[in-house]
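Read the structure below first, then the notes.
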Amino acid sequence: MKNIKNVTIIGLGLIGGSLALSLKKLSNDFIITGYDSVSESMDIAIYRKIIDKAAADYKDAVKKADLVIIATPVRFIVEVANNIKGNLKSGTIITDVGSAKENIVESMNRILPKDVIFIGGHPMAGSENDGVLSARNDLFTNIFYILTPTDNIRAEALVALHTLFTKIGAKVITISPKEHDKVVALISHLPHILSTNLVALVDDRQKELKNLFKLCAGGFRDMTRIAASNPKMWIDISFENKKEIINALNEYIFYLNRFKENLVNGNEEYIKNHYLQAKEARLNLPKFIDKDISKLYELKIGIHDKPGVLSEITLAISSSGVNIEDISIFHSTEVLGGGILKILVHGENAGTISRNALENLGYEVIVKKVIGEED
């Protein structure tokens with residue numbers, strides 16, 4: 001695995017500060033340099049010992065970096081890349097934390113030097129509080145951390161990032177930038193837009209119905225909690241993932257219109273099934289449980305040393321709904337011009353599901369159950 005020692009974090013807010021703290025908790029060997037356009041944020045980060053050094057400028061920030069994490073608001077990510085691209089050493093890994101990926105990945109791969117590696121990232125973490133003062137070292141424990149590699153990503157770099165974010169407690173999943181934007185539009189961006197519009201509706205109506213806000217109880221408060229999030233951040237997200245958000249809105253409007261039509265037509269059976277289906281789906285949402293090691297499987301795959309091979313394999317596994325727990329590569333004489341890729345996966349029938357997905361792509365896979373009989 002690529003040795004990462006010097007880490008630079010650009011953007012010392014909640015996410016950037018928490019990543020720094022998580023890495024420091026993991027190992028004292030990391031040397032963490034921070035840079036933020038707001039000097040007060042760097043002062044706080046130094047005072048709280050979140051970073052080891054506050055950089056004077058972009059050049060100072062990245063000149064020694066093995067890994068650069070761009071943790072700015074999404075609208076500034078490409079701008080930061082333009083500012084640092086001439087000062088990166090060969091082999092540096094760049095990642096970001098933006099909640100929209102397709103446009104950013106395309107831009108970054110176009111403007112960054114060919115001898116550095118960009119892998120898009122998005123930790124599905126947050127808080128009602130923002131800023132470096134709210135940073136904490138457990139923010140990423142048991143949350144999904146999405147990586148969006150492209151076909152030309154070097155295997156060693158993807159393994160390094162996957163391993164690093166797994167070690168800070170995250171559940172790392174690899175999907176394509178396009179799939180990422182479709183998914184987050186539905187499960188993150190759309191809920192926020194629904195929440196803010198419901199608040200706007202009730203706010204407008206309370207001019208007429210004076211007791212409306214006064215009587216807002218649990219259901220309304222639960223659904224609209226996220227409407228209090230940072231408006232500037234959500235302006236950026238709305239336009240960065242505009243295409244997929246519009247698609248999600250159109251789908252949601254179709255569902256609302258279908259519900260309304262059945263209500264108007266007195267179709268009690270449809271309304272009943274709607275509520276029952278929604279209840280069952282909500283109750284079946286994945287819940288965090290202690291890891292059952294009887295559901296851990298080791299995949300052993302012979303791979304050739306060519307661009308995109310690891311990205312193809314991890315995308316195939318993740319797209320099958322299987323969680324990847326660990327990745328490692330071993331050079332081997334068994335595979336000419338390549339090595340052995342070992343992947344640890346977790347879940348019900350995860351070994352069989354992963355093997356089938358990879359065999360469909362032409363890979364030979366050996367599956368071994370970590371504890372108990374082979375799958």
I'm told residue 213 meets every condition in (1) aromatic (Phe, Trp, Tyr); (2) part of a strand (DSSP E or B); (3) modelled with pLDDT under 85 except one. Can you identify the failing condition by its number? (2)
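Of the residues 85, 101, which single one is in the same structural domain as residue 138 (by TED's automatic domain parsing), at pLDDT 95 or above and surrounded by 17 or more Cβ atoms within 10 Å (Cβ to Cβ)? Before you say what the answer is, go through the steps one by one.
Working: 85 fails: surrounded by 17 or more Cβ atoms within 10 Å (Cβ to Cβ).
Exactly one residue qualifies, and that residue is 101.
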In the stretch 201-212, the residues that are surrounded by fewer than 12 Cβ atoms within 10 Å (Cβ to Cβ) and under 28 Å from residue 242 (Cβ atoms): 201, 203, 204
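Considering only helices (runs of 4 or more DSSP H) fully contained in the stretch 44-161, which possess at least 1 residues that are at positive phi and in contact with a Pro (Cβ under 7 Å, 6 or more places away or on another chain)? Show your work before the answer.
Details: elements: 58-62, 77-84, 102-111.
Output list is empty.
Each row is one residue, and each column tells you yes or no for (1) surrounded by 12 or more Cβ atoms within 10 Å (Cβ to Cβ); (2) modelled with pLDDT under 80; (3) assigned to a helix (DSSP H, G or I).
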position	(1), (2), (3)
252	yes, no, yes
256	no, no, yes
269	no, no, yes
313	yes, no, yes
342	yes, no, no
Would it be correct to say that residue 144 is surrounded by fewer than 24 Cβ atoms within 10 Å (Cβ to Cβ) and over 19 Å from residue 12 (Cβ atoms)? yes
Six or more apart or on different chains, Cβ atoms under 9 Å: show the pairs whose first residue is in the stretch 329-355 and farther than 17 Å from residue 368 by Cβ and whose second is aromatic (Phe, Trp, Tyr) and modelled with pLDDT under 85. 339/330
Looking at residue 189, is it at pLDDT 90 or above, over 24 Å from residue 26 (Cα atoms) and not assigned by TED's automatic domain parsing to the domain that holds residue 311? yes
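The values are calculated or read from the model by the stated rules, or taken from the named source; none is laboratory data. Keep in mind that what you see is a predicted model, and the values were worked out from it rather than measured. As a convention, Cβ positions derive from the backbone with ideal geometry for all residues, glycine included, and neighbour counts pool all protein chains shown.
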